[in-house]
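Working notes, beginning with the structure itself.
Values quoted throughout were computed directly from the atomic coordinates according to the rules given, and no laboratory measurement underlies them. Worth saying up front: this structure is predicted, and the values here are computed from it rather than measured. Virtual Cβ from ideal backbone geometry, glycine too; neighbours counted across all protein chains shown.
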Amino acid sequence: MGLLLACTTQALAGGVVIDKIYHPYVHPLEQEVEWRAVLQDRQPGMADNTQLYRFAYGRAISERWSVEAYLVTEKSNDQNFRVEGYELELQWQLSEQGEYWADWGMLFEVEKSATRDLWEFTTGILVEKEWGKWSGTANLYMLNEVGSGATHELRGQLGLQARYRYSRAFEPAIEFYQGQDTLGAGPAILGQIKLANRRKLNWEAGVILGLDSASPNRTLRLLLDYEF
Amino acid sequence: MYPGLLLGIFSHAAIAATPVIEVEIRDHLFYPSEVRVPANTKVKLLIKNLDPTPEEFESYELNREKVISGNSKVVIFIGPVGPGDYPFFGEFYPNTARGVILVR
């Protein structure tokens with residue numbers, strides 16, 4: 001019954017709201033291979049221990065635009081590892097870093113379910129503001145589903161991050177997420193390791209704690225991103 | 001229509017008054033390699049890459065990373081930041097392309 005409920009009400013990407021926080025910058029001539037994981041324990045209406053994995057390749061296509069393609073996979077206590085969907089994402093840098101009071105960008109994403117007649121379209125605003133060694137970032141999204149399995153409702157989603165730029169390899173942060181059946185906050189750490197000229201490994205890890213009864217109790221998010 | 005554009009309109013006067021400092025890249029070196037900038041003031045670095053190959057201005061201390069294509073120029077906004085030495089380097093040629101922003 002729990003699984004049925006999850007299947008009938010769940011949005012794409014497993015209905016998981018907690019993910020990485022996007023920064024509103026595009027780095028021309030850069031390519032990346034990315035792995036992301038979101039592992040949550042228990043959440044009403046979702047199978048226990050739902051795990052979402054994204055594998056992606058992305059590149060800048062101009063000075064202000066980048067594109068990234070994802071394969072989204074999922075597993076849980078009720079379900080073996082399977083391909084859940086495919087995503088294509090476009091990011092647009094709207095302003096030069098430091099030019100205005102805050103830096104602005106936009107994100108456009110389309111996701112197709114691999115198992116259902118379901119498409120999800122996302123439009124997001126990305127904002128970042130710097131205060132000395134602190135950087136505050138906000139991601140505000142509107143999501144809409146289309147297809148026979150769609151709920152046809154417009155949903156909002158918010159992600160916030162306050163990051164302290166202590167060193168290139170280690171940046172502590174606090175994150176907050178709000179969206180469908182999710183209200184959570186918790187600590188994260190981020191960093192970058194320079195491997196060689198024009199070769200970098202970015203990493204992120206965060207533990208997000210549910211702030212209400214509808215949210216997952218604990219969510220672990222991980223990211224590895226190889227830039228070249 | 002877009003927030004950035006809207007902000008651009010409202011802050012046009014402030015940006016017009018932003019001091020401009022020119023830096024050149026030649027033979028994978030920054031000229032000048034020491035750039036003096038007033039403290040607590042936003043400045044606009046106009047970086048001209050005179051080499052045919054791309055270079056990337058990178059400074060973790062200033063939280064800036066910007067690619068400059070060969071034979072082209074870009075603008076990088078810095079600050080306002082407090083007094084101090086803020087190193088930068090060229091990501092493509094880090095052994096030669098090095099410099100420091102001296103904020104006083």
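The string of couplings for region B:34-43 from the Karplus curve (6.51, -1.76, 1.60, θ = phi - 60°) is 10, 10, 8, 9, x, 5, 6, 10, 6, 10 Hz, one whole number per residue in order, with x for Gly and Pro. Shown here are the Rg and Dmax of the Cα trace of chain A, at 17.2, 53 Å.
Model label sites at B:THR18 and A:VAL83, defined 7 Å from Cα along the beta-carbon direction, differ in position by 4.5 nm. For chain A, adding -39500 (n - 2.57) for each run of n ≥ 4 DSSP H residues and dividing by the number of residues yields -1000 deg cm²/dmol at 222 nm.
With contacts taken as Cα pairs under 8 Å and at least 6 residues apart, chain A reaches a relative contact order of 18 percent. Over region A:131-228, what number does the Rg to Rh ratio reach, with both radii from the alpha-carbon atoms and Rh per Kirkwood? Here the Rg-to-Rh quotient is 1.07.
Here the average projected area of the convex hull drawn through the C-alpha atoms of region B:19-103 stands at 4.4 nm². Close lysine pairs were tallied over chain A: pairs 8 or more places apart or on different chains with Cα atoms under 29 Å apart number 11.
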